[in-house]
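Here's the structure, in structure tokens; my notes come after.
Here, each number is a calculation from the coordinates, and none is a lab measurement. Only a predicted model underlies this, so the values are computations on that prediction, with no experimental measurement involved. Positions of Cβ are generated from backbone atoms using ideal geometry, with glycine treated the same way; all protein chains shown enter the neighbour counts.
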Amino acid sequence: MSIVDDLRSLDTNDPGRWPLPIRAGAVALVFAAAVAIGIWLMVIKAEMPRLERLRRASAAPPPLGGSPSSASTSATMRARSGATPRS
């Protein structure tokens, strides 16, 4: 039987009788979807507030007058983001 014939003859109510390659593919697909959802929820979504803060800070215009507080704010942002100071 070809793969197309295997797919046409699948009984969705009885996945235990599916051919082994089809079952393995279905399990791999479900596993990949679960991993992708887990990464989204635990890593990406958790970092969204920090990323938005950094995006807003980098899009903000530079302060006028070059006050000393702007230098300390810049150093603080570099320290939080893990960037090294420029020489």
ask   = Which net charge results for the neighbourhood of TRP18, defined as the other residues with beta-carbon distances under 11 angstrom from its beta-carbon, given Lys and Arg at +1 and Asp and Glu at -1?
value = -1
key: Pairwise label distance in nanometres, SER2 with LYS45, each label 7 Å out on the Cα-Cβ vector   = 4.2
inquiry  = I'd like the Karplus ³J(HN,Hα) series for region 11-23: coefficients 6.51, -1.76, 1.60, θ = phi - 60°, whole numbers in Hz, and an x wherever there's a Gly or Pro.
reply    = 9, 5, 7, 9, x, x, 9, 5, x, 4, x, 5, 4
key: Computed lengthening from ALA57 to ARG17, 0.36 nm per intervening residue step minus Cα-Cα distance   = 8.7 nm
ask   = Ordered by residue, what ³J(HN,Hα) values in Hz, to whole numbers, does region 33-38 give under the Karplus form 6.51 cos²θ - 1.76 cosθ + 1.60, where θ = phi - 60° and Gly and Pro are x?
value = 5, 5, 5, 4, 5, x
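Report, in cubic angstrom per residue, the convex hull volume of the C-alpha atoms of region 1-57.
Taking the convex hull of the Cα positions in region 1-57, it is 116 Å³ per residue.
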